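One structure is given below, encoded as structure tokens.
The values are calculated or read from the model by the stated rules, or taken from the named source; none is laboratory data. All figures in this text were calculated on a predicted structure; none of them were measured in a lab. Cβ placement follows ideal geometry from the backbone for every residue including glycine, while neighbour counts extend to all protein chains displayed.
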Amino acid sequence: MNLKHLTNNILRMDSKRVARQEKGATTLLLHHIKEVDRRRLYSDWKFTSLFDWCVKDLGLCEGSAHLRITAARLLADIPEIEIKIENGALNLSNISQVNQFCRENNIKDLEVKKDILNQIENLTKKETDQKLFSLTGIQKPGRETKKRISDKKSKVTYILSDDTLEALEEVKKLIGIQMSSDELMKLMIGALKEKVEKNKFKQITTPKQTKGTKVSGRMISAEVKRKVYLRDKKCVNCGSQHRLNFDHLKPYALGGTNTIENIRLLCFQCNQRASMKMGLSRR
Ligand SMILES: [Zn+2]
């Protein structure tokens, strides 16, 4: 189609007319979807759901199918929205926002829904969100989602408070170089892991000896403890991470050394059992 011959004014008027027609076609399609839904025909036609039918038989993209089904079902409950869709006061996107809001807040009363729809007429997506937010006075919790997008990557959404987001921006500024979310996350996880491990290491290596006690020959050096901890990280016998002890594989009393090779991590229980087996009692 070539529109080059149209004058500017006619092009504008024509565009408006076609847009109106498109809205008319949209509501007409909603009525059809609504009726197919009412008759549950999609299963007769061997589709698994109304959505499946919309995508595979009508050729709608998934997002578009979702919006139309939501609006078609709302149209069945509230016929008044038809005229509002046609005159542009409501669109499929903000209808979907209201629908999700009602679902999350367990709003089923049609009069309440109608009232909410009245309040969001002619609003943009962002304005609709703000309006809905103000209606409850509580922040819409949103949903944290995780979606596999390739064999090595997932798309994850997190809900962050303003404070957290601000802190995150500060960290980014401090780092000073552009990073992908993945790189930033890796960096933060690495730092956190290091801190947690350090604390844990400190906890389990704090010597229990009292002041003035001489470090005896059986004391394991901090360096060996650190290496053993980083190697084993948990009870090598049962995998527990609670009440970990450094244990001599060959008991010190029997000539075992304080080397990394002869030291292992055992939980309290396993350590006790090992000692009993060796006929050594430890306190
Ligand atoms: Zn154990």
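Per-structure values
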quantity: Exclusive hit being out of contact with any Asp or Glu (no Cβ under 6 Å at 6 or more places or on another chain) and under 17 Å from Ser96 (Cβ atoms), set Ile85, Ile10; calculated: Ile85
quantity: Search result, residues across the stretch 250-269 that are among the basic types (Lys, Arg) and either surrounded by fewer than 14 Cβ atoms within 10 Å (Cβ to Cβ) or over 43 Å from the mean Cα position of the chain (by Cα) (or both); calculated: Lys250
quantity: Matching residues, the stretch 159-194, being charged (D, E, K, R) and either surrounded by 12 or more Cβ atoms within 10 Å (Cβ to Cβ) or touching a helix residue (DSSP H, G or I) at 6+ places or on another chain (Cβ under 8 Å) (or both); calculated: Lys172, Glu183, Lys186
quantity: Residue in the stretch 170-185 that is closer than 29 Å to Asn91 by Cβ and hydrophobic (A, V, I, L, M, F, W, C) present; calculated: no
quantity: Residues of the stretch 250-270 classified as modelled with pLDDT of 85 or more, more than 8 Å from the ligand (Cβ to nearest atom) and within 19 Å of Ala222 (Cβ to Cβ), total; calculated: 10
quantity: For Gly239: the one exception among (1) within 16 Å of the ligand (Cβ to nearest atom); (2) at pLDDT 80 or above; (3) part of a helix (DSSP H, G or I); calculated: (3)
quantity: Residue that is modelled with the highest pLDDT [pool: residues in the stretch 141-180 that are part of a strand (DSSP E or B) and farther than 28 Å from Gln130 by Cβ]; calculated: Ser154
quantity: Residue satisfying all of: in the stretch 215-236; in a loop (DSSP other than H, G, I, E, B) and within 13 Å of the ligand (Cβ to nearest atom); surrounded by the most Cβ atoms within 10 Å (Cβ to Cβ) among these; calculated: Cys235
quantity: Tabulated pairs, the stretch 256-272, first touching a residue at least 40 places away in the same chain (Cβ under 8 Å) and β-branched (Val, Ile, Thr), second within 16 Å of the ligand (Cβ to nearest atom) and assigned to a helix (DSSP H, G or I), C-beta under 8 angstrom, 6+ apart or interchain; calculated: Ile263/Val228
